[in-house]
Amino acid sequence: MTQIQMQNNQPFDLDSIIYLKSGAFQKAVLDELAEGSRMIAFTPVNRNNPRQVACVFFNANISSIVLIGADLTGDDFRYESFANAYPHTNYFECELAEMYGCIPVNHPWLRPVRKQNVTSGNVPYKFFKLGGDEVHEVAVGPIHAGVIEPGHFRFQCHGELVYNLEISLGYQYRGVEELIVKSNPVQRIILAESIAGDTAIGHTLAHCNAVEALTQSRLGLRAEVIRMIAAEIERVAMHLAGLGGVANDIGFALPASSYGRLRTLAINSLALLCGSRFGRGLFVYGGTRFDATPEIVQKIIGNLLEVQHDVRKINEYFFSSVGTSSRLEETGTVETAVAKNIGMIGLAARASGLEEDVRVLFPYGAYRYNPVPMLTLATGDVFARTRLRAMEIEESLRLILEQLENLPDGEICAGSNAWPVNTGVVSIVEGWRGEIVHMACTGVNGELVQYKIKDPSFNNWYGLGMALRETPISDFPLCNKSFDLSYAGHDL
Amino acid sequence: MGLGLLQGIVSVLVVLGLSPLFAGLVNKLKAILTGRIGAPLLQPYYEMQRLFRKETINAIGSSFISRISPLVNLVTMIIAAAMLPVGFWKPVISFDGDIILFAYILGLSRFFQILAAMDIGSSFEGMGAAREATFALFAEPIFFFSFGSISFISGYTSLYMILHSIQHQNISYEVFIVICSISVFMLAVTECSRMPVDDPNTHLELTMIHEVMILDNSGLDLFLYQYSGYIKLFIYAILEISFFYPFSGQGYLLGIIIFITGSLVLATALGVVETIASRYKMKNIPQYLLFATAIGILNLLIYTFTR
């Protein structure tokens, strides 16, 4: 057995990893990829020892997480790239090259991920360029006209039509992974909350799951359910914001302001629970800091019933409008095969017909007892991504209201134990945008030696580029909003 | 003669003074319709005051075109306003065939704006200029077919005479006016870059048509562009209201009442359209404009066959 198979949040012994030599590693990884697995992390298990890397896969067929180790010492930090056969691995290889200097040989497109002049030395990165007299290039950002995060977009256009969009990010790089490793334990939750401001609960949940799995803490059911409710409220709130954003981008003022109003109700419900509208401060290791008292539960139920009632009406109005269909349908399409190939995940992948939902494939926390349905749409256009949001809001509200009415009794916070030595864990959580992966490894003294984070935006930014092909450039903001990706989450 | 000139100048001043108020009114109504309180009615005046005090920064490498274009814009708008009959009074500039001048004086402002946008040399502005020029191509026939048909029907070629000839006694004439007002409304929406052709509130530089051309302007230049924009909107509003003829000479008071009611109705109409309509795909805008042209042609055909 050259690989380790494990479940979501199942700790494994770091010493049991077999570090393969390049040839064997190559074969093992290609075999794994051939089974239809998707890479979710490619990183050294110890930050201080970048020669020994681990390649982690998400294998939905056998419902396990697969880890393959490699020792690149003998090969001068080089290995043969997998990206030519499996394009979705390319960005992970770029990241590994940039962070730890392991060079993929024959990589099709080795480009900077976050730091502009690491992989290519001090030579400025060369963007794709379209030749000819009739084509033009439009460069947008990193400073934008609105108050949004920084990102650089290069369009190669022929008239209004986009041939290629290249996205260059990294302007928000803060070194979160390193900060989490170096910081003291009480600061880590606060750091996890700030990985991506719009997914505070998603990332904190993934972080807490990882740490609790490492320290073998057993959570009470009540805490698990409150966490799930918080995560689902975040999903509802962010999907409402996304719907409002799409309505705003097509200039449809009435639904835009109505969705905005409902989002306030949803995030106010989170504030009732923990005092922060974004759910900050709710999580502690071993449970939650705040309990949902009967009065709070009643208030939240009242809020969410209003959201449920109003959102149905507004959805009907918004989606039955001719203007909406004309703008959203067949705009920014990502075919299922393309989405699969480039490894799209989460909401955007489900809108393209891929069955990618961690809550279903690798249930964690309270989702183990409360299954959620896999919602997918086939067309992969802006309409599908928008419509899927509306469907997920409906489903999440059902789940939240059901759980709030039957909140289990029990402690909300269990104590936590000492950190184990030489242990690793992979924690996967379905944030509102998609799959969030946190991987933690401890060293010989029980200290963190590696903390790896993958936000769904890391996979899906390239999907946005694919959606823009052969699409009018004036539809870019609409496509962008339909993906609604995070800059901070990608840049870390 | 002296009194006539004075009256003409007063009407120009009315247009210049009230145009930001009209823009504020549309925005306020839009806010109310979407359930918000919205910016104060006088917000456009505050905005202009703010811009007026700010420093003007010109793009590096831009030529004199960018410097003069904002002023050209304002001057052309003032000339257009001077040709517009507001009230009973004869406008300052009025002669037979002045609808041609009116159309092309507005065209001149657009011409300079497009030149200035390309002069700056940013890819956004070039894109905006291309879009503006393309859609202007489709918008021009709307003006000529709708006003041309009214001119043909009424037998006058001056804006003042055409609008003053509108009498509501003749029912068949009224039909033409109503049809014509629809196409002029569609034209106004296009020319003033409002929904569903252009979104005046968007911050997304890639979807803008008009706004993207003034992205690199600031301070006094932006003030002049904004002000010209407000005047343009009000000019089209007055044209539209004049179809329902407030100033046929039934008395000042009635005229003013109809004018104010007309402005409110029109502002509401704009507000409603911007609330319930979503913006068209860029490639569908020419269809919309050709539809407005077709209305003008229809007007002419109906007149020819029913005479």
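As I understand it, the dipole of the protein assembly as shown uses +1 on the Cβ of Lys and Arg and -1 on the Cβ of Asp and Glu, about the Cα centre. Which of A:Val186, B:Leu206, B:Phe112 lies farthest toward its positive end?
Of the options given, the answer is B:Phe112.
Would you kindly state how much longer the chain becomes between A:Asn84 and A:Leu161 on full extension, computed as 0.36 nm times their sequence separation minus their alpha carbon distance, in nm to one decimal?
Answer, rounded to one decimal: 24.9 nm.
Among A:Trp109, A:Trp461, which comes first, then next, by fewest other beta-carbon atoms within 10 Å?
The order, fewest Cβ neighbours first, is A:Trp109, A:Trp461.
Toward the positive end of the charge dipole of the protein assembly as shown, about the Cα centre and with charges on Cβ (Lys, Arg +1; Asp, Glu -1), which of A:Gly260, B:Tyr252, B:Ser66 goes farthest?
About the Cα centre, the residue reaching furthest to the positive side is B:Tyr252.
Bin by bin, in steps of 5 Å, what percent of the Cα pairs in the range A:144-239 do you find, going until the bin that has the longest distance?
Each 5 Å bin holds this share of Cα pairs: 2, 10, 14, 17, 15, 13, 9, 8, 6, 3, 2, 1.
Mind listing the long-range amide H neighbours of A:Val162? Cut-off is under 5 Å, sequence gap 5 or more, other chains count too, H placed in the peptide plane at 1.01 Å from N.
A:Glu470, A:Thr471, A:Ile473
Suppose each label sits 7 Å from its Cα in the direction of the beta carbon; what would the A:Asn49-A:His309 distance come out to in nanometres?
Using points 7 Å along Cα→Cβ, the separation is 6.1 nm.
Dividing the Cα radius of gyration by the Kirkwood radius, what Rg/Rh value follows for the range B:2-306?
That ratio equals 0.96.
Give the Cα extents of the range A:214-298 along the principal axes, in whole Å, largest first.
50, 32, 17
Along the charge dipole of the range B:168-241, Cβ charges K/R +1 and D/E -1, which of B:Pro196, B:Leu222, B:Ile177 sits furthest on the positive end?
B:Ile177
Return the average number of partner chain Cβ atoms within 10 angstrom of each residue Cβ along peptide B:194-201.
3
List, in the order given, every pair from A:Lys182/A:Lys340; A:Lys481/B:Lys30; A:Lys313/A:Lys340 whose Cα-Cα distance in the structure shown is over 31 Å.
On the way: A:Lys182/A:Lys340 36 Å; A:Lys481/B:Lys30 23 Å; A:Lys313/A:Lys340 34 Å.
Those over the limit are A:Lys182/A:Lys340; A:Lys313/A:Lys340.
For the residue pair B:Phe305 and A:Tyr173, what label-to-label distance in nm results when each label sits 7 Å from Cα along the Cα-to-beta-carbon direction?
7.0 nm
Quick one: putting +1 on the C-beta of Lys and Arg, -1 on the C-beta of Asp and Glu, what dipole do you get for chain A around its Cα centre, in Debye to the nearest 20?
Using Cβ point charges on Lys, Arg, Asp and Glu, chain A gives about 660 debye.
So for the pair A:Arg398, A:Tyr317, with labels modelled 7 Å out along Cα→Cβ, what separation do we get in nm?
Each label point lies 7 Å from its Cα, and together they span 2.5 nm.
Mean separation of Cα pairs under 8 Å and 6+ residues apart, divided by the residue count of the range A:176-491: what relative contact order is that in percent?
Across the range A:176-491, relative contact order equals 26 percent.
If one takes the longest principal axis of the Cα atoms in chain B, at what angle in degrees, from 0 to 90 and to the nearest 10, does the Cα axis of helix B:2-33 lie?
Its long axis makes an angle of about 70 degrees.
With N residues in the range A:3-105, what two-decimal value do you get for its Cα radius of gyration over 2.2 N^0.38 Å?
Computed over Cα atoms of the range A:3-105, the ratio equals 0.99.
Within a 10 angstrom radius of the beta carbon, how do A:Arg387, A:Arg277 rank from fewest other beta carbons to most?
On the way: A:Arg387 21, A:Arg277 17.
Listing A:Arg387, A:Arg277 from fewest to most nearby Cβ atoms yields A:Arg277, A:Arg387.
In deg cm²/dmol, rounded to 500, what helix-only [θ] at 222 nm does chain A give when every DSSP H run of at least 4 residues adds -39500 (n - 2.57) and the total is split over its residues? Before the final figure, lay out each step's value.
Values: 16 runs with 204 residues, N = 492.
My calculation for chain A gives -13000 deg cm²/dmol from helical runs alone.
Assuming R0 = 41 Å, can you tell me the calculated FRET efficiency for the pair A:Glu329 and A:Asn106, based on Cβ-Cβ distance, to the nearest 0.05?
Efficiency, from the Cβ-Cβ distance: 0.55.
Most exposed first by the Cβ proxy, i.e. fewest other Cβ within 10 Å, how do A:Met439, A:Met466, B:Met213 rank?
A:Met466, A:Met439, B:Met213
To the nearest 20 debye, what charge dipole does the range A:233-369 have about its Cα centre, counting +1 at the Cβ of each Lys and Arg and -1 at the Cβ of each Asp and Glu?
Numbers: 14 positive and 13 negative charges, 82 e Å.
My answer is approximately 400 debye.
How tilted is helix B:252-276 with respect to the longest principal axis of chain B? Cα atoms for both, answer in degrees (0 to 90, nearest 10).
50 degrees
Binning at 10 angstrom from zero up to the longest distance, how are the C-alpha pair distances of the range A:411-482 distributed in percent?
P(r) over the range A:411-482, rounded to whole percents: 16, 28, 26, 14, 12, 4.
Using every pair of alpha-carbon atoms in the protein assembly as shown, split the distances into 10 Å bins beginning at 0 and state the percent of pairs per bin, rounded to integers.
Per 10 Å bin, starting at 0, the Cα pair percentages come out as 2, 12, 20, 20, 16, 12, 8, 5, 2, 0, 0.
Every read-out reported here was derived from the displayed coordinates using simple, explicitly stated rules and does not represent laboratory data. None of the values given here were measured: they were computed from a predicted structure. Note: ideal-geometry Cβ built from the backbone for every residue, glycine included; neighbour counts use all protein chains shown.
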